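Working notes, beginning with the structure itself.
Just so it is clear, none of the values below were taken in a lab; they were calculated from the coordinates. A quick note: this is a predicted structure, and the numbers were derived from the prediction, not measured. Methodologically, a virtual Cβ is constructed for each residue, glycine included, from the backbone with ideal geometry; neighbour enumeration extends over all protein chains shown.
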């Protein structure tokens, strides 16, 4: 077989496609296994991808969805800055939210990949670093009014120059983080992952030839677009819209109204955020790449939910957001809690379309990342520490099933909360409780929402500080088809066994030994009229302790004979519909 024949052979193209996907996944695994911080190796709050020479994503690891939707912006920022001056061995680092899409903690590294001096691809990695300087430990949080308060800003700059580490840039990073060893260690893990990916790309080209490789890239992007356009044809056509509220930002600190307008045709999926609030004087703003990434998550769930993402799939997508607004903030806006506006951008699209595609989108979920920081200086070795993590919560019900309990929000996708074993090993913290938040409840319906979680951290250090900035703590998740609203997120602070405060946002709140931070995430919303719920499902919820006898009677219209109720493995409950 000649090279030309190989370039168009369907089997060869498919093999190369999967080799590139495997390279992106190996990059992910290498990064996780060599990282220094739990937020990378345990939470997996990072993403990796391979792009073509112009920055189009051709393969990615299954990781944080929001980051995946931003990686092409990061590569193009590198191309805009350096263009043809890039050389083999160069590695570029950046975290500028206005070109990279998130906040300063999310540091991207981008490496051009060459074959015989020809640029053929980029490896890209974007991961959360626990601290990049700024006003307080962990860098992100409420109380910021401009990006200069949020930490070290890195425009695209050379971290490696023709294979040699640029120690000037590394020294700047080291001097601007409270956790220099951890940050530099995570940086090197990202670099190691990209080098592993580059090796696999080189091996693939060596085996199949550069012409076959180029043909495979073209095949990947064209087939991705074809899949998306086929999926687009299955969607309802027309104009759709939705409205909701961020918990703050309105007059007198009231909830801030937000909205979206969507038009779906045979050829285009158009999402328009025009007319939303000007950018906020605090940290909840997101930038345009972040908003695009948010929309891409829901769009992919609609047009190709079981396919591997590549740039061809978003060819029909058009996202519009006015510059200088909460969904397209411009410098010097604060963006350190960008994920709250980002999740609302996606949730607005979700809410607008869920009634029309109930087989693909369920009711509203707890939505917020419910991220927290517990940080300080250890008593035992006087070393700084910073626990940073997302927290899981309750998802909304679907048209045919109850919502899932204890999952991270959609924007965090494949990430996890820090495992209890690692948490208690790496930090001066004891986890008193980690359980489903039954007391918090969920949205009732023919199918009910999932439960959130309750997690109690007890401080073992003499001093520490706590930061959080949470939404869906004022305005609850939305139900579908007359299902009930979900329940709210929040945090309870306790000292000496007594509640001292109930908060949704707090900056560097002082903690003492024995204090408890109780994180309580909300339950998802319900789907359908509660009185239509299957009595067998009501029975199961009652036995599991998720609802009370009164709720079974009053909400689900089911009569219970308490005399027959035995809450054990052989429990029986006589249930019948009220006349």
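Rounded to the nearest 0.05, what FRET efficiency do residue 233 and residue 157 have when you use their Cβ-Cβ distance and R0 = 35 Å? After rounding, the FRET efficiency stands at 0.20. Here is how the number arises for the chain: DSSP H runs of 4 or more residues each give -39500 (n - 2.57), the sum is divided by the residue count, and the result at 222 nm is -9500 deg cm²/dmol. By the count of neighbouring beta-carbon atoms within 10 Å, fewest first, 437, 202 end up ordered 202, 437.
Taking other Cβ atoms within 10 Å as a rough exposure proxy, 399, 344, 309 sort from fewest to most as 399, 309, 344. Once the Cα atoms are used to define both axes, helix 180-208 deviates from the longest principal axis of the chain by about 60 degrees.
When only alpha carbons are used to place a centre, region 195-247 and region 139-186 end up 31 Å from one another.
Using C-alpha pairs under 8 Å with a sequence gap of at least 6, the mean separation divided by the residue count of the chain gives a relative contact order of 13 percent.
Between residue 424 and residue 118, what FRET efficiency comes out of the Förster formula 1/(1 + (r/R0)^6) with R0 = 51 Å and r the beta carbon distance, rounded to 0.05? The value I calculate is 0.50. Look at 239, 259 and count the other Cβ atoms within 10 Å of each Cβ; fewest to most, that gives 239, 259. Between residue 274 and residue 550, residue separation times 0.36 nm minus the direct Cα-Cα distance comes to 94.8 nm. With 0.36 nm allotted per residue and the present C-alpha distance subtracted, the residue 11-residue 331 stretch has 110.4 nm of extension available. Compared with the dominant principal axis of the Cα atoms in the chain, helix 10-34 is inclined by about 70°. For region 3-226, the relative contact order is 28 percent, taking Cα pairs closer than 8 Å that sit 6 or more residues apart in sequence and dividing their mean separation by the residue count. For the chain, find the longest principal axis of its Cα atoms and tell me its angle to the long axis of helix 535-544, 0 to 90°, nearest 10. Helix 535-544 sits roughly 90 degrees off the main axis of the chain.
Length gained on full extension, residue 252 to residue 495, computed as 0.36 nm times the residue gap minus the Cα-Cα distance: 84.4 nm. For a modelled paramagnetic label at residue 532, 7 Å from Cα along Cα-to-Cβ, the residues of region 376-413 in reach, with backbone nitrogen under 15 Å, are 397-402.
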